[in-house]
Amino acid sequence: MGERKGTNKYYPPDFDPAKHGSLNRYRNSHPLRERARKLSQGILIIRFEMPYNIWCDGCKNHIGMGVRYNAEKKKVGNYYTTPIYRFRMKCHLCVNYIEMQTDPASCDYVIVSGAQRKEERWDMAENEQVLTTEHEEKQKLETDSMYRLEHGVKDKEKLQRAAPSLSELQEAQSAWKDDFALNSLLRGKFREEKKQIREEEEKDQALLKKMSLELKLVPEVEEDKKLATLLKYRSLESYEKKKQMKRSQISSRSWFSSAGDKKLQAAGNSMKRLMIQPKPPPSPAPSAIALGVVRRSSKDGNQSDSKSQTAEEAATSRDSDTRTGSNSTAPEDGAAKPTATSGLVADYSDSSSEAEE
């Protein structure tokens, strides 16, 4: 605000414009005030902004680009007709002074002392970019025809090397040339995806509402579908096989089967389904016929030994006795017959021995 003090509208009573000329001359002050305190030495105090990142030589700290300082500005030379200015400023972290000056030849700033530049510059030659032609080379191209010819040959070689990449870039740019068609295609794709997502959400909500669940359903995956089909409970037997088994059971069972037989049959069917083998029935006791035992009457009876029963008659008589529930039956005329005690005797003789007796 010091610069505005000489532009106020107050003029003292002893102010004479012909004598003083201006209020600054009347007050013996410079319009820039404190900034012009070293103006007699050719130094002007300005507000300087750091043009790039540097390292301070005094404290070895990093000073970023854009940090502002009160710097002393003075003219140190000319580049043709362009003046070269030098800036001197004090580091805000230590007592070290940093000096920089302009470089009109390269349109840059150069550090004179007190700091080092952090190298972050873009080198066009390293990145294979087209370099600007310098003034000396331009003059040489205009005057030296042989150098111009060599330069043209080198440029043609560069063009041949860069032709494939240039053609690829042109194809890529031509693919994106029609912006309206690409935009409409992309918007159509987004609409289809949005519609599909909405349908899936409605389907999931309907399923959750039907099952009365409050879960977050994840999208279906083909592997999950295969696993679900493997975990599905299915019968081990096919429909045709079940049909044949049922027909065989119907044809084999009795027509006059009781409820007990049905229960046993149902139990047998369940055991078959469970793949359980039923226990085999106990083997019957050996009969007298199988053992070669004959029934003979005792000698105390009226019948003789020659009229003995054969093994078959004994077996049939024993079966009839068991059916009627008695050992002997009474004759029809009521006469009592003498009962003969019989016993089981092993017959080890053959037909020849019986003839000899």
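Any chance you could run the full-extension gain for R191 through D178? It's 0.36 nm times the residue separation minus the Cα-Cα distance, nm to one decimal.
2.6 nm
What FRET efficiency comes out for the pair L217/Q249, r = Cβ-Cβ distance, R0 = 45 Å, nearest 0.05?
Here the calculated transfer efficiency is 0.45.
Quickly work out the H151-to-C107 label distance, labels modelled 7 Å from Cα along the C-beta direction, and quote it in nm with one decimal.
Distance between label points: 2.0 nm.
Which order, highest average first, do 102-115, 149-162 follow once you tally other Cβ atoms within 10 Å for each residue and take the mean per peptide?
Taking the mean over residues of other Cβ atoms within 10 Å, the ranking is 102-115, 149-162.
From the square roots a ≥ b ≥ c of the eigenvalues of the alpha-carbon gyration tensor of segment 102-156, which class results: rounded (a/c under 1.5), prolate (a/b over b/c), or oblate?
oblate
Tell me, what ³J(HN,Hα) does each residue in segment 87-92 have, in order and in whole Hz, if you take phi through Karplus 6.51 cos²θ - 1.76 cosθ + 1.60 with θ = phi - 60° and put x for Gly and Pro?
10, 10, 9, 9, 5, 7
How many angstrom separate the Cα center of segment 147-161 from the Cα center of segment 201-231?
Cα centroid of segment 147-161 versus Cα centroid of segment 201-231: 68 Å apart.
I need the calculated FRET efficiency for the pair N127 and A228, taking r as the beta carbon distance and R₀ as 41 Å, to the nearest 0.05.
Step by step, r from the Cβ atoms, then E = 0.10.
Which FRET efficiency value, to the nearest 0.05, do you get for Q139 and I84 by plugging their Cβ-Cβ distance into 1/(1 + (r/R0)^6) with R0 = 30 Å?
It comes out at approximately 0.80.
The numbers here are math on the coordinates, done by the rules we state, and not lab data. Note that the coordinates shown come from a computational prediction; the quantities given were computed from them, not determined experimentally. Neighbour counts are summed over all protein chains in view; Cβ atoms, including those assigned to glycine, are modelled from backbone coordinates with ideal geometry.
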